[in-house]
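Notes follow once the structure below has been shown.
The values are calculated or read from the model by the stated rules, or taken from the named source; none is laboratory data. Fair warning: this is a prediction, and the values are worked out from it, not measured in the lab. Here the Cβ positions follow ideal geometry from the backbone for every residue, glycine too, while neighbour counts run over all protein chains shown. Remember, those area values only see protein heavy atoms, side chains included, never the ligands or the DNA or RNA. Shrake-Rupley method; radii C 1.70, N 1.55, O 1.52, S 1.80 Å.
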Protein chains: 2
Amino acid sequence: MSRVWNFSAGPAALPLPVLERAQRELLDWNGSGASVMEQSHRGKRFIAMAAQVEADLRELMNIPSDYAVLFEQGGATQHFAQIPMNLAGEGDTADYIVTGHWSEKAASEAATYVGVNIAANSKSENYLRMPPREWWKLNPGAAYVHIATNETIHGVEFQDAPDVGSVPLVADMSSDILSCPIDVSRFGLIYAGAQKNIGPSGLVLIIIRRDLLERPVRPMARIFRYAEHAANDSMLNTPNTWGWYLAGLTFEWLKERGGLSAMAEENRKKSSALYAAIDNSGGFYSNPIDTPVRSRMNVPFTLHDSALDAAFLQESEAAGLMALKGHKAIGGMRASLYNAVPYEAVEALIAFMRDFSQRHG
Amino acid sequence: MSRVWNFSAGPAALPLPVLERAQRELLDWNGSGASVMEQSHRGKRFIAMAAQVEADLRELMNIPSDYAVLFEQGGATQHFAQIPMNLAGEGDTADYIVTGHWSEKAASEAATYVGVNIAANSKSENYLRMPPREWWKLNPGAAYVHIATNETIHGVEFQDAPDVGSVPLVADMSSDILSCPIDVSRFGLIYAGAQKNIGPSGLVLIIIRRDLLERPVRPMARIFRYAEHAANDSMLNTPNTWGWYLAGLTFEWLKERGGLSAMAEENRKKSSALYAAIDNSGGFYSNPIDTPVRSRMNVPFTLHDSALDAAFLQESEAAGLMALKGHKAIGGMRASLYNAVPYEAVEALIAFMRDFSQRHG
């Protein structure tokens with residue numbers, strides 16, 4: 001069949017020009033006579049590409065030179081554990097701001113390695129709003145403060161990096177990295193699984209302020225130490241070479257599109273249109289999130305009558321709209337609007353939703 | 001340019017039919033209207049594929065049902081650490097058989113998590129032969145015995161699973177898995193980075209006897225526990241979906257080729273031809289490894305005059321023979337002859353070597 005509009009929360013849509021280029025180059029990359037997957041990561045061609053990918057990311061995100069960029073594996077979930085292993089010593093505590101499923105899981109996976117202080121938690125509010133900054137009970141002696149900038153399941157997003165004083169701010173940006181310009185210097189460590197806004201799954205991007213690499217750590221195998229990965233240009237062992245390559249194609253595509261300011265504009269336009277369609281549906285559709293903190297990336301919504309869910313999913317799929325089923329934790333629907341999802345896809349979704357509500361209203 | 005013959009040690013050559021199929025399906029996989037990389041790992045299509053890939057591997061390797069198969073990340077190097085984390089308790093020791101660079105590294109990375117007993121070591125012999133089984137100083141109370149069945153850099157290979165009694169035998173098979181039939185029941189745990197005989201880098205295959213999943217372990221994040229991965233069908237978090245898919249295409253290709261017995265025959269024929277060419281070169285080329293334990297997968301060799309190395313590499317590359325440079329640890333040349341390297345490639349290499357020796361002899 002022809003290409004569908006893909007609203008998957010992750011692994012998610014990739015830019016069509018990126019896929020087309022990867023397809024063209026699959027058997028013979030960069031004049032080598034072999035696939036990029038068949039190249040030694042120690043070879044000149046691959047090393048040159050890897051360095052260019054990092055340079056493109058640094059340009060896109062305006063990453064200061066005192067930050068290292070790592071191309072890692074294991075998913076963000078592995079780094080829920082590796083971050084305290086690398087940033088906290090024995091007996092240290094860290095502050096976690098819990099604003100949805102993923103930040104809650106980050107705190108729970110960290111607990112083996114650091115004393116977890118839940119400094120704020122909106123669970124009792126069903127994660128429908130952000131805990132106000134003035135309510136956070138931060139510990140000035142914490143090893144770090146952890147947030148998830150965007151909650152993929154619950155659909156809430158920080159609009160700005162919160163001020164946490166001199167304690168390093170650690171942010172899981174898996175689902176909104178590269179969606180708008182940010183000030184990297186506000187963060188101690190940024191990490192993101194690739195499978196939403198970067199590339200295929202199996203790659204994790206880590207941006208870490210270099211002084212944090214110097215923290216004394218507990219005994220661990222070298223492979224778990226960020227400082228070792230940084231010292232070896234993320235080639236301490238064989239990296240995910242295909243993921244690194246695809247990330248590079250995505251970064252090139254973002255540069256051609258005008259960089260992160262252009263993406264911010266496009267993402268605002270897409271999410272505003274969809275939220276407006278939901279809010280103006282006369283109650284047929286609804287999104288319960290506090291308006292100022294609605295996610296630009298993941299839009300969960302429900303139908304006024306959940307008995308219509310199965311028909312909605314079946315008909316939307318038949319209309320070429322893929323992966324609208326909500327996460328099982330909250331049910332309903334979810335449309336993920338990452339960078340690779342074009343405005344046309346959102347228009348098609350809105351048109352379908354309007355038609356569906358008219359037929360079933 | 002056209003496709004070259006690729007002798008890379010890893011990431012290594014992939015079967016051409018696998019690459020061609022991946023290329024055809026890149027934009028629209030399995031009638032979904034999206035790439036396999038754009039599918040949720042929780043979606044029906046991906047889950048069905050993942051299960052089929054495991055079933056194909058079980059059929060190819062004749063894996064008994066009391067073994068779990070895991071599709072992991074982090075490279076074999078990460079599992080150098082995770083294996084003792086999962087198989088050894090506090091105060092336990094494990095026996096390591098050191099037969100080259102990789103088994104030495106496995107022992108060194110394990111040392112944070114288990115008391116490492118080097119039960120045999122051929123380093124003083126420059127790893128040119130295997131330490132005879134009767135010399136191994138095994139500890140009957142060891143948590144496990146670790147070997148690397150094939151040493152990718154040094155070019156020595158176990159011809160059979162050694163008898164280690166009732167202690168579980170753990171084997172790094174990164175560079176010779178799927179190259180011939182083996183008796184899985186001789187092993188407690190088999191692991192292999194994908195980037196040699198399975199698929200792209202960023203995927204690690206683990207085959208573990210289920211009783212070993214029950215061992216009491218030290219406190220650790222769930223993501224490091226093999227038992228958690230087994231209980232969640234390797235989808236505890238987002239797996240490397242592209243790697244899993246490519247592995248599946250490779251397994252299908254292996255089945256079409258006649259399975260592992262056919263590959264064993266082909267691999268024996270390829271390596272025998274290359275070793276014969278080296279041994280019959282009148283000393284122009286040489287491979288110093290004890291003949292019975294020469295690797296069928298990685299053939300290191302030197303030129304009688306290392307001043308010719310640069311010319312050999314330059315001319316071989318010009319002749320469409322890629323990645324023959326030896327590992328920096330031992331210098332010289334290395335030809336890796338994994339499953340995806342056809343006999344024709346070896347014939348082309350031998351013809352080139354003969355011609356080169358005539359011109360420079």
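Taking the stretch B:71-108 as the range and being out of contact with any strand residue (DSSP E or B) (no Cβ under 8 Å at 6 or more places or on another chain) and more than 24 Å from A:Gln73 (Cβ to Cβ) as the test, the residues that pass are B:Gly89, B:Glu90.
Of B:Tyr338, B:Tyr343, all but one fail to be surrounded by fewer than 20 Cβ atoms within 10 Å (Cβ to Cβ), closer than 27 Å to B:Ile198 by Cα and not hydrophobic (A, V, I, L, M, F, W, C); the exception is B:Tyr343.
When the test is whether a residue is outside the structural domain of B:Lys196 (by TED's automatic domain parsing) and at positive phi, B:Gly10 passes it.
Look at the stretch B:92-108: where a residue is closer than 9 Å to B:Ile147 by Cα and a partner is in a helix (DSSP H, G or I) and small (Gly, Ala, Ser), sitting 6+ places away or on another chain with Cβ atoms under 7 Å, you get B:Tyr96/B:Ser103; B:Tyr96/B:Ala106; B:Tyr96/B:Ala107; B:Ile97/B:Ser103; B:Val98/B:Ala107. When A:Asn267, A:Asn287, A:Asn240, A:Asn232 are screened for being under 22 Å from the mean Cα position of the chain (by Cα) and within 14 Å of chain B (Cβ to nearest Cβ), only A:Asn240 passes. Scanning for something away from chain A (no Cβ under 14 Å) and touching an Asp or Glu at 6+ places or on another chain (Cβ under 7 Å), does the stretch B:71-80 turn up at least one residue? Looking for residues that are away from chain A (no Cβ under 14 Å) and touching an Asp or Glu at 6+ places or on another chain (Cβ under 7 Å), one finds none in the stretch B:71-80, hence no. Being under 22 Å from A:Val53 (Cβ atoms), in contact (Cβ under 8 Å) with a residue 40 or more places away in the chain and either surrounded by fewer than 20 Cβ atoms within 10 Å (Cβ to Cβ) or outside the structural domain of A:Trp102 (by TED's automatic domain parsing) (or both) is the requirement here; does A:Val167 meet it? In short, no.
In the set B:Ala55, B:Ala68, B:Ala50, only one residue is in a helix (DSSP H, G or I) and either within 19 Å of B:Gly202 (Cβ to Cβ) or touching a strand residue (DSSP E or B) at 6+ places or on another chain (Cβ under 9 Å) (or both); that residue is B:Ala50.
Looking across the stretch A:109-129, just one residue is assigned to a helix (DSSP H, G or I), touching a strand residue (DSSP E or B) at 6+ places or on another chain (Cβ under 9 Å) and under 22 Å from A:Ser295 (Cβ atoms), and that is A:Lys123.
Looking only at the stretch A:65-100, how many residues end up being touching a helix residue (DSSP H, G or I) at 6+ places or on another chain (Cβ under 6 Å) and surrounded by fewer than 19 Cβ atoms within 10 Å (Cβ to Cβ)? Count: 1.
Could we say that B:Ser286 is among the hydroxyl-bearing types (Ser, Thr, Tyr) and more than 18 Å from B:Ala12 (Cα to Cα) here? Answer is yes for this residue. The lone criterion from (1) open to solvent by less than 10 Å² (accessible area, probe 1.4 Å); (2) within 20 Å of A:Ser40 (Cα to Cα) left unmet by B:Leu189 is number (2). Just for the stretch B:36-46: of the residues that are part of a helix (DSSP H, G or I) and touching a residue at least 12 places away in the same chain (Cβ under 8 Å), which one is most open to solvent (accessible area, probe 1.4 Å)? Of everything passing the filter in the stretch B:36-46, B:Arg45 is most open to solvent (accessible area, probe 1.4 Å). Tell me, yes or no, whether the stretch A:259-271 has at least one residue that is without any contact (Cβ under 8 Å) to a residue 24 or more places away in the chain and within 30 Å of B:Ser174 (Cβ to Cβ). Among the residues of the stretch A:259-271, not one is without any contact (Cβ under 8 Å) to a residue 24 or more places away in the chain and within 30 Å of B:Ser174 (Cβ to Cβ), which makes the answer no.
Being at pLDDT 95 or above and more than 23 Å from B:Ala51 (Cβ to Cβ) holds for only one residue in B:Asp233, B:Asp176, and it is B:Asp176. On inspection, A:Ser175 passes the criterion of being assigned to a loop (DSSP other than H, G, I, E, B), on the phi < 0 side of the Ramachandran plot and within 14 Å of chain B (Cβ to nearest Cβ).
For A:Ala194, state whether it is under 13 Å from the mean Cα position of the chain (by Cα) and buried (at least 20 other Cβ atoms within 10 Å of the Cβ). Yes; evaluated as a whole, the condition is true for this residue.
The criterion of at least 1 residues that are crowded, with 16+ Cβ neighbours inside 10 Å and of a type in the set (S, T, N, Q) is met by the following helices (runs of 4 or more DSSP H) wholly inside the stretch A:205-317: A:241-256, A:259-279.
Hey, among the residues in the stretch A:26-48 that are more than 13 Å from B:Ser8 (Cβ to Cβ) and facing chain B (nearest Cβ under 9 Å), which one's farthest from the chain's Cα centre (by Cα)? Among them, the one singled out is A:Gly31. Among all positions in the stretch B:2-18, there is at least one residue which is part of a strand (DSSP E or B), in contact with a helix residue (DSSP H, G or I) (Cβ under 6 Å, 6 or more places away or on another chain), crowded, with 17+ Cβ neighbours inside 10 Å and within 8 Å of chain A (Cβ to nearest Cβ).
Of the numbered criteria (1) at positive phi; (2) within 13 Å of another protein chain (Cβ to nearest Cβ), the one B:Gly91 fails is (2).
Inspect all residues belonging to the stretch B:130-137 and state whether any of them is within 21 Å of the chain's Cα centre (by Cα), open to solvent by 20 Å² or more (accessible area, probe 1.4 Å), in the same structural domain as B:Gly74 (by TED's automatic domain parsing) and over 28 Å from B:Gly258 (Cα atoms). Checked against the condition, which is being within 21 Å of the chain's Cα centre (by Cα), open to solvent by 20 Å² or more (accessible area, probe 1.4 Å), in the same structural domain as B:Gly74 (by TED's automatic domain parsing) and over 28 Å from B:Gly258 (Cα atoms), the stretch B:130-137 yields at least one hit. Inclusion of A:Ala340 among residues that are of a type in the set (Gly, Ala, Ser), modelled with pLDDT of 95 or more and part of a helix (DSSP H, G or I) is not warranted.
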